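To keep things clear, I will list the structure first and then write my remarks on it.
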Amino acid sequence: AAPVLIRPAGGPRPQRNWAASAPARPLPAMARVGRLAIWTLYMIVFVDFLQLSFVFPLLPGIVEGFGQGATQVGILGSVAAAGEAIAAPYLGMLADRIGRKPVFIVAMAGCAVSSVVIGYAQSYYFLVVARLVGGICGGTASVAASYIAD
């Protein structure tokens, strides 16, 4: 049905009559997300970002220990962010398909494994792969946002 426009006396602009276009039945109430769930999501995203960024001050020394230069410091610093940017939409789609909690659990386990592998890395390229895996597993901010939106 077309909206009903009312022209007020003396007013040049017509106004929409919102009462005439209201739905016939009330909309269902949105589900509330509890404070514990919000804080849990906050901590998951915080730990993900901390896990990706805590090593930044140490990168020059780590890369120098492997005999690499400044370009490799930049690559090592950006590969995790690139992995996160690539994986975030796919993690979101996966969370829509199988649920938010399994994606969070697997992503956090992947981040933990990545951190351990970074600590024991014996070559620069192994370190780059571990940072990339950490970035891929760290793309949980989009999943947290969709959890809150639902």
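The values are calculated or read from the model by the stated rules, or taken from the named source; none is laboratory data. Because the structure is a prediction, the values reported are computed rather than measured. Every residue, glycine among them, receives a Cβ derived from its backbone with ideal geometry; neighbour counts consider all protein chains shown.
Some points to look at:
- Those helices (runs of 4 or more DSSP H) lying entirely in region 54-150 with at least 3 residues under 30 Å from residue 32 (Cβ atoms): 70-98, 100-120, 141-149
- Lone unmet requirement of (1) more than 21 Å from residue 136 (Cα to Cα); (2) under 28 Å from the mean Cα position of the chain (by Cα); (3) at pLDDT 90 or above for residue 67: (2)
- Members of region 35-59 that are of a type in the set (A, V, I, L, M) and touching a Gly at 6+ places or on another chain (Cβ under 6 Å): 52, 59
- The number of residues in region 91-126 that are over 22 Å from residue 62 (Cα atoms) and touching a residue at least 40 places away in the same chain (Cβ under 8 Å) comes to 9.
- If you check 78, 115 for being over 23 Å from residue 147 (Cβ atoms) and at pLDDT below 90, only one passes: 115.
- Matching entry among 121, 70, 107, 80 (being of a type outside the set (D, E, K, R) and loosely packed, with under 14 Cβ neighbours inside 10 Å): 70
- Options 113, 133: the member that is in contact with a Ser or Thr (Cβ under 7 Å, 6 or more places away or on another chain) and among the β-branched types (Val, Ile, Thr): 133
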